[in-house]
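One structure is given here, and the rest of the page talks about it.
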Amino acid sequence: MSVKQIFEKIGEFVEKSPKKILATAIILMLLSFIGAGLIEQRSGTDTFVKKNSETYQNYDHLYKQNFGSEVIVVLVESDDVRESEVLEAINSFDRIIEQDKDVENVVSMASLIKSASYSATGRSEIPDDNTILTLIDQLPSAYVEQFMPDTTHTLIMIQMPGSINEDNKKRVLAQVEKTVEIVDFPAGTTAVATGEPAYIIAMSEEMTSSLGSMLFLAFVLMIIGLKIVFRHVRWSLLPIPVILVGLIYTFGAMGLLSIPMTMASMAVFPILIGLGADYAIQFQSRIEEELAKGESAEEAIIDTIKHTGPAVAIAVTATSLGFIALFISPVPMIQDFGKMSLVGVILCYLVAMFVLVALLYRLDRRSLEKEAEKNLKKELNGNKTTAEPTTEHNSPLGTFLARVSLLTTKHYMIVIVLASIFAIAGLYADEHVGVQTDTKDFVPQDMQALQDLNKLNRVMGGSDQLSIIIRADDIMDPDLLQWMVDFSELEEERHNQITGSGSIGSLIYSGYGSIPSDKDTVISITDSMSSVITDQYIEGGNLGVLNLKLESNLQTQQVSNIIEAVENDLQWYAPPPGVTVTVTGNKVTETSIIGALTSGRTAMGYLGMAIIFIGMLLIYRDWMKSLATILPIVMVTGWLGGVMYLSGMEYNPLTATLGALAIGIGAEFTILMLERYFEERDRGLEPLDAMETAALRIGPAILASGFTVIFGFSALVASSFPMLRGFGIVTVIAVAFSLFSTIVVLPPIMVNLDRWRSGRKASKKYIEDNKVNI
């Protein structure tokens, strides 16, 4: 049984069972709501770096779990934070918040001064202003620098257990913010809850809000788009509810397949809105075309699925193969983006073929029944009705597109040469497009949590650092502690970009004036320190960290060079025997991301081309059709790279997927045009006539599909997330190029390849015939 016969059977099933199909669709929607409730939101390091990678293991398991405890920071700002009134207010805050069951410890200048006061007088209290200054002078400078970077700012650190879940973390943050409001800080004093947990929580909330706004805007734009490009069709807005069904199914599939919601996967929904409308338009346009020929509703449904079903299925396959290429990305959020897109486009196709067509059939049947009743009433009243023959009209847009295809085909040499030159130049320029890796640049810059975190970093002199994890039999060994101090001084002297350091060794050196040679003295000094301070640098008795503070706003390549230099220095000035060291930290992770993006994005693009070409070979078993499918899209990839280079755009984790994405989506338009071209060729038309007819008949539907995809993607341009906004701008350009390529570049390529092959077949037949005659 041929493919068209299979789809003809599907068409007959849809024609016989529209009510069953629509009832099943409603049941599946209810199940999808259950699945959607299982979706998990992720915005941490594991969305950028694979969990099984050495980079992630070092950062998350070695560093973050041991030294990156969940700490909410309250930044207090006043004319002079050393005043007793300010410290009393901080002390009140400390006493309230430390009672929370999920708060392990609270440390501030108030608690440090109370501890120093107890040591001096036996009373744990905030003394008068003069005594406060004396006590601060007696505190280790490392303490003071950490909790009071200057006289107008001080920090309160609220430590939560590392195993705390997201719900409790949000609850503690809410409690901290509430306590800040109720504590009576002196006039002119402000207190703001910030830190990494507050930033991550705010970003997750912004993601949810942004997704809702994007979906609403995408649907509004889709309605406008359909009214513009699809207004000549009955029920022109019918794709909208069909798209909504496809999105609900996709949400359900995400939860059931454990695909998380990340910054990248948020972009999938506007994409699916565009593609879902695209598939719906193809089926609905073909039904209108078949009805215009005078077919009955039953015949129109069956013929539409018979002819359009396979064509759109091949296009969906090509799009899916492009998304499959994303699976090789080393960035997890890109892999999840590919998985979700793959599932989404397949579901949208099935919804368009079954739900939309069944719904249209029911509407057409009802419309015909009403028309029959109307005619019967006229006959009963003595008015004879004559059925007017349906005539097929050529749309002005179809006529224009047919003329364009003829014009470019007649001047094929100019079109193909110019398109190729621009593509080659663009592919070369693409290698010089920059890459954006600072994850804070991916989120809304006006987000209050980000501004608060940036202010905290400015007050503290920046937060960028490299972390050297130290593993030893005894982390408190005096020789090892001395090595920490010496290595820190060495790095600060050798590298101007390293502006400071911190370790348990530097804490002891700061408080004691030197590293004691006696182990008991070392233990005595650390026992007198607050656990919140020491926990930042040691874990148990055999794990420690040495942090090297970096200048703010260093370029990624500069950071990469420093990491390499520090690793070389560790070999040259190694720690004592038996001690192992590992360089890690957030900046190491970021440089890993840039390597993944720069090396992975090119591979994804070429892999996407190869997969689609091989896939088309397997489907068509025809090298010419496969080549014609991929060539225009290769050109689109080049043009896109050129535009990004000339406009100064940079790649981010999402725009890095564009090679595979543009190939996948652009191949759909190409395939739809090719399928219609060969359908006309099978009817006996010559190549040029077949291309003219294909452009005349399906060109407007492809253009309508393309514009709806563009309208869907345009919702991303309005996103509050810069990463999504940049992705939206570039994808709109990519789809526009794909449309241009399908209408302008594909016709001359296809017609000339077809003519060349037909000529070879004719010559071969002529030679064989002559041999027979001889």
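Quick look at the values:
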read-out: The stretch 70-201 - charge dipole about Cα centre, Lys and Arg +1 at Cβ, Asp and Glu -1, debye rounded to 20; value: 400
read-out: J(HN,Hα) series, the stretch 254-264, from Karplus relation 6.51 cos²θ - 1.76 cosθ + 1.60, nearest Hz, glycine and proline x; value: 4, x, 6, 9, 6, 8, x, 8, 10, 4, 6
read-out: Nearest-ten-degree value, helix 687-717 long axis tilted from longest Cα axis of the chain; value: 30
read-out: The stretch 70-201, relative contact order [Cα under 8 Å, separation at least 6], %; value: 47
read-out: Rotationally averaged projected area of the stretch 614-738 (alpha carbon convex hull; nm²); value: 8.4
read-out: Degrees between helix 556-572 axis and first principal axis of the chain (Cα, 0 to 90, nearest 10); value: 50
read-out: Helix axis angle, 129-138 relative to the chain longest principal axis, alpha carbon, degrees; value: 80
read-out: Most to least packed among 192-201, 725-734 [average Cβ atoms within 10 Å]; value: 725-734, 192-201
read-out: Cα gyration tensor shape for the stretch 473-578, rounded if a/c is under 1.5, else prolate or oblate; value: prolate
read-out: Calculated FRET efficiency for the pair residue 258/residue 448, C-beta based, R₀ 35 Å, to 0.05; value: 0.65
read-out: The stretch 229-301: trypsin sites (Lys or Arg not before Pro) in DSSP loop, at most 15 other beta carbons within 10 Å; value: 231, 234, 293
read-out: Cα gyration tensor shape of the stretch 70-201, rounded if a/c is under 1.5, else prolate or oblate by comparing a/b with b/c; value: prolate
read-out: Helical mean residue ellipticity (222 nm; -39500 (n - 2.57) per DSSP H run of 4+; nearest 500) of the chain; value: -22500 deg cm²/dmol
read-out: Rg(Cα) / (2.2 N^0.38 Å) computed for the chain, rounded to two decimals; value: 1.22
read-out: Gyration tensor verdict on the stretch 197-355 (Cα atoms; rounded if a/c is under 1.5, prolate if a/b is larger than b/c, oblate otherwise); value: prolate
read-out: Of 101/170; 169/549; 19/293; 170/549; 170/455, those spanning more than 23 Å from alpha-carbon to alpha-carbon; value: 169/549; 19/293; 170/549
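Values quoted throughout were computed directly from the atomic coordinates according to the rules given, and no laboratory measurement underlies them. Treat the numbers as computed from the prediction; the structure is a model and nothing was measured. Because the Cβ atoms are built from the backbone with ideal geometry, glycine has one as well, and the counts that use them run over all protein chains shown.
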